[in-house]
Amino acid sequence: MVKVIASNVRKGNVIDLDGKLCVVLKAESFRPGKGTPTTQIDMRRIADGVKVSHNYKTTEQLERAFIDEAPYNYLYQDGDAYVFMNPESFEQVTVPADILGDQAVYLQENMEVQLSQFNGVPISIELPQKVVLEITETEPVTKGQTASSSFKPATLSNGVRTMVPPHVTAGTRIVVMTEDGAYVERAKD
């Protein structure tokens, strides 16, 4: 265990909170004009899956647990779980759906992810920042809508809805952020 200040805690870190390990889901720092800067940390307890939220002064010290982190390839979905394989040892690990959360829709066959385990138990997963998906449905271009800031709704091949520029049509492959599904650019393939 190593001590870190609250403002340095990031999503995916594992914190020892009163003897219980918690994986960080979200860490947000607030710096008000007056008063003490604080960091709000949303976590999920690894033992029972309960979500907890705490506010800390940004300089407050927390215990960070060290975990085994390795690249794994996504293989397939098995009911409520997802199966990943270590490309070096060929060891397969089954990850419960609640660990992936809403990022599960971005999983693609053979996608390489960073899987974190503590004592052999999967605790968090990090997908690539960007993925390439195809647009299955979008509205036609509206004449006169040429402003660079205008966007239209589109449905992606994984079922997620996102906003895309007016020039993008159905069948186009685009790059999106796995964190929030935001459009980045047209795919270069």
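The values are calculated or read from the model by the stated rules, or taken from the named source; none is laboratory data. Keep in mind the model is a prediction, meaning the values are calculated, not measured. All Cβ positions, even for glycine, are placed from backbone atoms using ideal geometry, and neighbour counts span all protein chains on display. Surface accessibility is based on the protein's heavy atoms, side chains included, excluding ligands, DNA and RNA. Shrake-Rupley method; radii C 1.70, N 1.55, O 1.52, S 1.80 Å.
Could you give the size of the charge dipole of the chain about its Cα centre, using +1 on the Cβ of each K and R and -1 on the Cβ of each D and E, expressed in debye and rounded to the nearest 20? Don't skip to the answer; put the middle values down first.
On the way: 19 positive and 25 negative charges, 205 e Å.
The dipole magnitude comes to about 980 debye.
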### Query
What number, rounded to the nearest 500 deg cm²/dmol, is the helix-based mean residue ellipticity at 222 nm of the chain, given -39500 (n - 2.57) per DSSP H run of at least four residues and division by all its residues?
-500 deg cm²/dmol
## Note on the structure
For residue 78 the rounded accessible area (nearest 10 Å², probe 1.4 Å, non-protein molecules ignored) is 90 Å²
### Message
Could you tell me which residue out of 76, 158, 29 lies farthest along the dipole of the chain toward its positive end? Charges go on the beta carbon: Lys and Arg +1, Asp and Glu -1, centred on the Cα centre.
### Response
29
### For segment 58-72, 3J(HN,Hα) per residue [Karplus equation, 6.51 cos²θ - 1.76 cosθ + 1.60, θ = phi - 60°, Hz, x = Gly/Pro]
4, 9, 5, 8, 10, 8, 9, 8, 9, 10, 7, 10, 8, x, 9
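Working with all protein chains in place, sort 54, 167 by solvent-accessible area computed with a 1.4 Å probe, largest first. Can you show the working numbers first?
Working: 54 70, 167 105 Å².
Heavy-atom accessible area, descending, gives 167, 54.
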### Query
Can you pull the accessible area of residue 186 for me, 1.4 Å probe, Å² to the nearest 10?
110 Å²
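With a ≥ b ≥ c taken as the square roots of the eigenvalues of the C-alpha gyration tensor of segment 36-189, please select rounded if a/c is under 1.5 and otherwise prolate if a/b is larger than b/c or oblate if it is not? Spell out each step's value before the answer.
Values: a/c = 2.69, a/b = 1.49, b/c = 1.81.
Verdict is oblate for segment 36-189.
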#### Entry: Computed magnitude of the charge dipole of segment 31-105 (debye, nearest 20; Cβ of K, R +1, Cβ of D, E -1)
700 debye
### Query
Hey, if you put +1 on the Cβ of every Lys and Arg and -1 on every Asp and Glu Cβ in the chain, which of 118, 103, 168 ends up farthest toward the positive end of that dipole?
168
## Note on the structure
Amide H contacts under 5 Å for residue 123, restricted to residues at least 5 apart in sequence or on another chain and with H modeled in the peptide plane, are 116, 117, 118
## Note on the structure
Ordering 134, 109 by the accessible surface of their heavy atoms, 1.4 Å probe, largest first, yields 109, 134
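Shape of segment 1-125 from its Cα gyration tensor (a ≥ b ≥ c, root eigenvalues): rounded if a/c is under 1.5, otherwise prolate when a/b > b/c, or oblate?
prolate
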### Query
Given H placed 1.01 Å from N in the peptide plane, which residues other than close sequence neighbours of residue 64 have an amide H under 5 Å from its amide H?
2, 3, 4, 16
